[in-house]
Structure formats: C-alpha cells, structure tokens
Amino acid sequence: MAIRNVREMGEDVLNKACKEVREVTPRIQELIDDMLDTMYESAGVGLAAPQVGILKRIVVIDVTGEDPYVMINPKIIEQSGEQRGYEACLSVPGKTGIVTRPGYVKAVAYNENMEPYEIEATELLARAICHELDHLDGHLYVEKVEGPLRNSEEVEEE
C-alpha cells in the first residue's frame, strides 16, 4: 500500500468522465488500498480514483474515521431534501465554499468483491457521496459553490 499524489484543480484528469470497473483485479485492489491510505493520510473523508490520476468509477468514503465505504460503479438512485454547508476537497487545497446538496441520498454500488449493495445516507455522508460521485463525471465542487471560494483558514477562524 502506498500514498498516491492527489491531483489538483487544473489537471485534465479531474475533468474527464471515468470508465466502469468490470472486475476487481489485483491492480484495482491495490488502487483501492492506496486510495484509503491516501485519504486517511490527507485527513479527507472521501477520495475518488480520478483524484489520484486513475479514470475508474471508484470512490472511498469514511466520515467516521473507522468505517470506510468502498464504492465501485456507484449511482445515486434517489435523493430528497436539501442541506447547505461548507465543502472542501483534497484536489482544491486550502479552499472552501458553500454548496447545496441533497439532505438524503440512496445509492447503489459494488464492494471490493463486486457484490452489489445499497446505502442510504443523510448529513455528511450524503454530502460526501454526492461530492465524490461528481468527481467520477469530471466535476469539482467549485462548480457549485454559492458565493466566493474562501481560504479554509478564514472559515475556521469565524
């Protein structure tokens, strides 16, 4: 397992749609393990494969620090409500902005064994799922920011 370089806004790989994963090969498993290590090392709550330069439909999310979700070929199948709050991204270091997301999402995905599962989420987990799945289609949260993009330190001081 290794820490991978996180790609930053402006790099082409972040603006491209990802390809579906057909099987979990040893290389895909290594990618997933590296993504988890990279996310934890960077103190993030989610990471998508394009953020480490790989155009595959894989995300990892852990909003608790102890219960990671591996989502292969994820899709949101239901959403409702609304939540508004600050978001940040490992690919946009030092910046944050207010984004409105669904308050509730239901998604389907495959785990590392290519077994399908369903997840229902609210609050931070719902926000993280929406944020990470946007990456798979070549979109960054900055496209949805309401108002100015701010320095993270300014917001922490408020």
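Taking the chain as a Gaussian network, Cα atoms linked when under 10 Å apart, which of 84, 22, 57 shows the biggest mean-square fluctuation?
Highest fluctuation of the listed residues: 22.
From the mean inverse distance of alpha carbon pairs (Kirkwood) and the Cα radius of gyration, derive Rg over Rh for the chain. Let's see the in-between values first.
Details: Rg = 14.8 Å, Rh = 15.7 Å.
Rg/Rh: 0.94.
In nm, to one decimal, how far is the modelled label at residue 82 from the one at residue 137, with both set 7 Å along Cα→Cβ?
1.9 nm
What is the gain in length, in nm to one decimal, between residue 8 and residue 149 on full extension, counting 0.36 nm per residue of separation less the C-alpha to C-alpha distance?
Values: separation 141, 0.36 × 141 = 50.76 nm, distance 1.54 nm.
Gain on stretching residue 8 to residue 149: 49.2 nm.
How far, in degrees from 0 to 90, does helix 123-136 lean away from the longest principal axis of the Cα atoms of the chain, to the nearest 10?
Computed tilt is about 70 degrees.
Go through the stretch 73-89 residue by residue and turn each phi into a ³J(HN,Hα) via Karplus (6.51, -1.76, 1.60, θ = phi - 60°); whole Hz please, and just put x for glycine and proline.
6, x, 9, 7, 10, 7, 8, 7, x, 8, 9, 10, x, 6, 10, 9, 7
Calculate one ³J(HN,Hα) per residue across the stretch 22-39 by plugging θ = phi - 60° into the Karplus curve 6.51 cos²θ - 1.76 cosθ + 1.60, and present them in order as whole Hz with x for glycine and proline.
Residue by residue, the stretch 22-39 yields 8, 7, 8, 7, x, 5, 5, 4, 4, 4, 4, 4, 5, 5, 4, 4, 5, 4 Hz.
Measure up 16/75; 75/106; 16/95 against 20 Å on the Cα-Cα distance and list the ones that go over. Walk me through the numbers on the way to the answer.
Details: 16/75 17 Å; 75/106 9 Å; 16/95 22 Å.
Pairs exceeding 20 Å: 16/95.
Among 118, 143, 78, which one shows the highest mean-square fluctuation when the chain is modelled as a Gaussian network with alpha-carbon springs under 10 Å?
143
Taking springs between alpha-carbon atoms closer than 10 angstrom, which of 136, 124, 14 fluctuates most in the Gaussian network model of the chain?
124
So if I place +1 on the C-beta of Lys and Arg and -1 on the C-beta of Asp and Glu, and nothing else carries charge, what would the dipole magnitude of the stretch 107-158 be about its Cα centre? I want it in debye, nearest 20. Before the final figure, lay out each step's value.
Numbers: 3 positive and 15 negative charges, 41 e Å.
Using Cβ point charges on Lys, Arg, Asp and Glu, the stretch 107-158 gives about 200 debye.
Of the beta bridges DSSP finds with both residues in the chain, what % are antiparallel, to the nearest 5? Numbers along the way, then the final one.
On the way: 28 of 29 bridges.
Within the chain, antiparallel bridges account for around 95 percent of the total.
Here, each number is a calculation from the coordinates, and none is a lab measurement. For clarity, every value in this text was computed on a predicted model and none was experimentally measured. Note: ideal-geometry Cβ built from the backbone for every residue, glycine included; neighbour counts use all protein chains shown.
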